[in-house]
Structures are given as C-alpha cells and as structure tokens.
Amino acid sequence: MEDRRLLIKRNNHDDNDIDMNKEVLRTITGVVFWREVKKLAYIAGPMVAVTLSVYLLQIASVMIVGHLGQLALSSTSFAFSLATVTGFSVMQGLASALETLCGKAFGAGQYQKLIIQSYTAILCLIIVCFPLSVLWINMGYILSSLGQDPIISREAGKFLIWLIPSLFAYAILQPLVRYFQMQSYNFPLLISTGITFCVHLPLCWALVFKSGLHNIGAAVAIALSGGLLSYLSCSLGFYQIHSLKLLYWLYALYAIPYGLGAGASTRVSNELGAGNPQGARVAVFVVVIMALSGATIISGTIFVCRNVYGYTFSNEKEVIVYVTDMAPLITIIMDNLQGGLSGIARGFGWQHLGAYVNLAAFYLFGIRIAAALGFWLQLRGGLWIGIQAGAALQTILLFIITVCTNWEMQAIMARERLH
C-alpha cells in the first residue's frame, strides 16, 4: 500500500516537474537569493579555509623539498600524487557517505544517529587503512615494475612508507570534518587547521634541512601535523559539543569548489531531511551562480600571475618556464561547477551515480584523449587537455542529473529512509 502511494506521488510529481522548475525560478526573489547566499557562505567559507589549509600542508612541504634539487622535487611530488590518488582520496570518498546520512539525520533532528554514524565511519576508515598501507609499502617496487624511472620510484616508495601514519590520521579527520560540516559547525575545524599549518611550516623546514632526513623529513612532518590536526579537531569539537608541482596549486584552488560543494551537500541534505524540497531547489540555484562567479575570478587571477608560480616550487629555469607556458591552459570553471554539483549529489545520497559519472567522464573519455594527445600526437599540454575534457563531460552529466531531479520525491524518500 505504501509503495502504491509513493508510485502515485512519483507520477504526479513527474508530470509537473518542469512546471515546478520554472516556478522556483520565478519565486526566487532577491531577498530569498541573498538569504541563501548567506547560509551557503556561512558553511562554505570556513570549509574553503579548512580544505585550503589541509592542502597547504602538502604544498608547503613540496615547496620546501623543491629547493633540495630536481630529484627530491620529482620524487616527493610524485609520492604525494600517488598518496592522494591511492589513499587520501579513498578516505575522502568513503567519508562522503556521511554528507548524506549525517546531513539528513541532523535536518530531521535525529542527533544520536549523527554521532553513531560518525563513530562507525572512523572505525571503518581505520580498517581500510591497513590494506592501503600494504600497497604503499610496496609502491616503489610496483612503480619500477611498471617502467617508471628506478631512482624516482625508489625515492617515492621510501617517502610513501614514512607517510603511512598520516593515512591513519586522515581516516580519523575525514569523518570528523563531515560530522561538524553537516551541523554547520565549522569553528573547531577552522581553529585546528590554522594552528596545525602554523606549526607545520617550521617543523617541516627543520626536519628537511636540519635533521639530516632531507625529503623524508617532509613525510614525517606531514604525519605529525596530520596527527595534531585530528587531535585538535576532536578535542575542540567534542569539548564544545559534549561538555605534482603546478598540480598542487590546483589542489589548493579546488578548496573553493570543494567548500561550495560542502555547503551544497549540507544545505540540500538538511532541507530534504526537514521535508522542504523548495529550500533544496533554492540552494542548488545559488550554488551554481556562486560557482560560476568564483571560477571566473580565479581563472583570471591564474592567468595574470602565470609568471610567478614557478618560483615558489623551484629555482630551476626549466620548471619555471613550463609552469608559465601551461598557465593559459588552466581553467577551473569546470572544477568549480562539478565541485558544487558533486556536493548536491552527495546531499541527495547519489554517491553511486557520482562514481558512474566519474568512471565514464575520466576513465572512458578523458584519459583516452589525454593519452592520444600527450603520447601519440606529442602535444605539449595534451595530458592536461584530456583531464579538462573529462571534467567538462563530468560537469555536463552531473548538471543533467540535477536538472532532471524530482525534488518532492527526494524529500519523501529522505523522510522514509530516516523513519
């Protein structure tokens, strides 16, 4: 009987969905728009700062190590890229489930569920760290077997072994980030990341240049800073509640769309959990506008400052010239849009759709274009063009999914899932 009622509601809403989308655009007045902007900014602003600070730990480490020479720079940036893809991104992706579960639980006022889900996520992520650690321990051998430069492979593998403790710290940190984020309570994270970054800079410099560890000192510093960040976030939060070179600049810039995505997932999941589909519609509209505005400003800034970035990583003229030449190809418009749209999808609980979209956009489309342009045609910047093509397709697919959403049915399903 319940299924029949849901089916009737779904059919009725599908018939009127286009009219509702038009209606929401007419009803978004200036007052409603700016009210939603303030709500999103209150959430996204601190999350931008938090995400930026976390990425800056790696960026600062690469900058410091880069002045040891090209081998240290190459192996360290390579190791950080591998760590991000095979470890940190895995933790981040698994923890994203909390953006759906915790967001809706908080919107529905089920606070005990919020705590249980967060603790369970921490335990699960720590378990996942063990097989990932085995992978990192053997990464040097794996890279050499795949035909990578043996010297760089050996140094990168050694760096990853020393980076393993930071993986466990990240497994604790990511659920904590979602726990606070879904409650729009980002103060503990903001304070913790600020303190950690201030400690990390002198610590990394001392371990790299004064301890004799050289580039390994950066891995030790990251591990210590990660542990400090997790400890501070947990302590501050629960005390108040319960008592590759240029690529790293782009990781930092992605903190902005990621923050918008965090705000979007929070607002959408909270509104759906509260049974308010109209509020979720308004949040989505505002996120898209903010993402486009931010992308335009940042892309222009990157182009204007293209002659400066290279010096932050190396004194080698070849590196500086390459960064300058690549700057015109850099556009983060797609990154900004997909960051916001991905957050919306997480708010709905569509992580599975996001996985399918990423698989199609990057692995079946973007990588093939990158390989053809970079290795077959030997086009300078071909690899980056392929990545951007994948990002464009990802954005288009996510936009189509969002536009075709039945908001009222999503609100009904959210309430059914909670109760």
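Computed from backbone phi, the HN-Hα couplings of the stretch 213-229 come to 7, 6, 5, 4, x, 5, 5, 4, 5, 4, 4, 5, 5, x, x, 4, 5 Hz, rounded to whole numbers (Karplus: 6.51 cos²θ - 1.76 cosθ + 1.60, θ = phi - 60°; Gly and Pro given as x).
The modelled label-to-label distance for the pair A360/S211, using points 7 Å beyond Cα in the direction of Cβ, is 4.7 nm. Between K113 and L135, the simple label model (points 7 Å from Cα in the Cβ direction) yields a spacing of 3.1 nm. The residues neighbouring A79, those whose beta-carbon lies less than 10 Å from its own, together hold a net charge of 0 under the Lys/Arg +1, Asp/Glu -1 convention. Taking Cβ atoms as reference points and 10 Å as the exclusive limit, the residues near T266 contribute a net charge of +2, counting Lys and Arg as +1 and Asp and Glu as -1. Here the label points at A371 and Q148, each 7 Å from Cα along the C-beta direction, are separated by 1.8 nm in the simple model. Positive contributions from Lys and Arg (+1) and negative ones from Asp and Glu (-1), summed over other residues with Cβ under 15 Å from the Cβ of W136, come out at +1. The stretch 92-124 to the stretch 155-178: how many Å between their Cα centroids? Value for the Cα centre distance between the two parts: 21 Å.
Where a number appears in this text, it was derived from the coordinates with a stated rule and is not lab data. These figures come from a predicted structure and were not determined experimentally. Every residue, glycine among them, receives a Cβ derived from its backbone with ideal geometry; neighbour counts consider all protein chains shown.
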